[in-house]
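Data block below; observations after.
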Amino acid sequence: MTHKADNSAPGNTLSNMLSGARYPPAAAPFTQARLMARQWCQQFNQLADTQQRQTMLTAQLNCPASVQVESTFRIEYGLHCTLGKGSFINHNATLLDVCQIKIGNQVLIGPNCIISSAVGRTCLAPENYPAEESGLPVVIGHRVWIGANSIVCAGVTIGDNAVIGANSVVTSSIPANAVAFGVPAVVQRKITQNIQ
């Protein structure tokens with residue numbers, strides 16, 4: 001069963017959240033949507049059968065069947081994330097999809113990575129929710145490689161063919177065909193060869 005909150009009613013605060021407007025994360029529509037996402041993640045992460053996992057993944061995130069996501073996978077709402085064909089998300093990934101998170105085709109995301117569209121927040125713990133928060137979309141281009149233990153923050157765009165080194169914190173956009181790493185991540189060099 002797909003766990004999706006009703007986000008179609010006019011004036012629904014989930015729609016306001018997606019637009020980047022300030023919202024109170026402790027309000028009922030948000031706590032209900034997070035609870036459904038937690039339940040979905042728990043079911044998904046406990047499945048051993050690859051086909052069942054793939055069916056759940058494509059139904060919830062409306063992604064191509066070629067996407068692979070390893071356990072333990074956590075997504076805050078499961079409503080605002082798109083994954084491109086052939087992408088791979090390794091163990092212990094966390095996606096905070098307050099605003100749209102768009103992951104392109106053939107993206108490789110290393111273990112223990114966090115992608116957060118919540119401004120100023122990179123964890124799911126309810127005790128860390130502010131009284132109000134807002135979000136900014138995150139866009140990751142095609143054929144991007146994000147190294148282990150990296151954090152991609154709200155409002156960031158990572159261009160096609162970029163490489164983000166392990167343990168990086170990406171707080172500003174990274175152009176296409178660049179290698180970036182550090183805290184905060186900065187471009188270290190351009191990629192000049194054809195990597196396709």
Based on what the data block shows, is residue 57 surrounded by 15 or more Cβ atoms within 10 Å (Cβ to Cβ), under 19 Å from the mean Cα position of the chain (by Cα), over 17 Å from residue 92 (Cα atoms) and among the hydrophobic types (A, V, I, L, M, F, W, C)?
no
Among (1) surrounded by fewer than 12 Cβ atoms within 10 Å (Cβ to Cβ); (2) in contact (Cβ under 8 Å) with a residue 24 or more places away in the chain, where does residue 33 come up short?
(1)
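Checking the condition touching an Asp or Glu at 6+ places or on another chain (Cβ under 7 Å) and modelled with pLDDT of 95 or more, which residue from 91, 80 passes? It would help to see each step written out before you state the result.
Details: 80 fails: modelled with pLDDT of 95 or more.
Matching residue, one of 91, 80: 91.
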Restricting to the stretch 148-193, name every residue that is in contact with a Pro (Cβ under 7 Å, 6 or more places away or on another chain), part of a loop (DSSP other than H, G, I, E, B) and β-branched (Val, Ile, Thr).
171
When you scan the stretch 168-191, do you find a residue that is hydrophobic (A, V, I, L, M, F, W, C) and modelled with pLDDT under 95, even just one?
yes
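Could you please let me know if residue 43 is at pLDDT 90 or above, outside any loop (DSSP other than H, G, I, E, B) and closer than 23 Å to residue 113 by Cβ?
So residue 43 fits the description; yes.
The values are calculated or read from the model by the stated rules, or taken from the named source; none is laboratory data. Bear in mind that the values here come from a model prediction, so they are computed numbers and not experimental data. Reconstructed Cβ throughout: ideal geometry from the backbone, glycine too, with neighbour counts over all protein chains shown.
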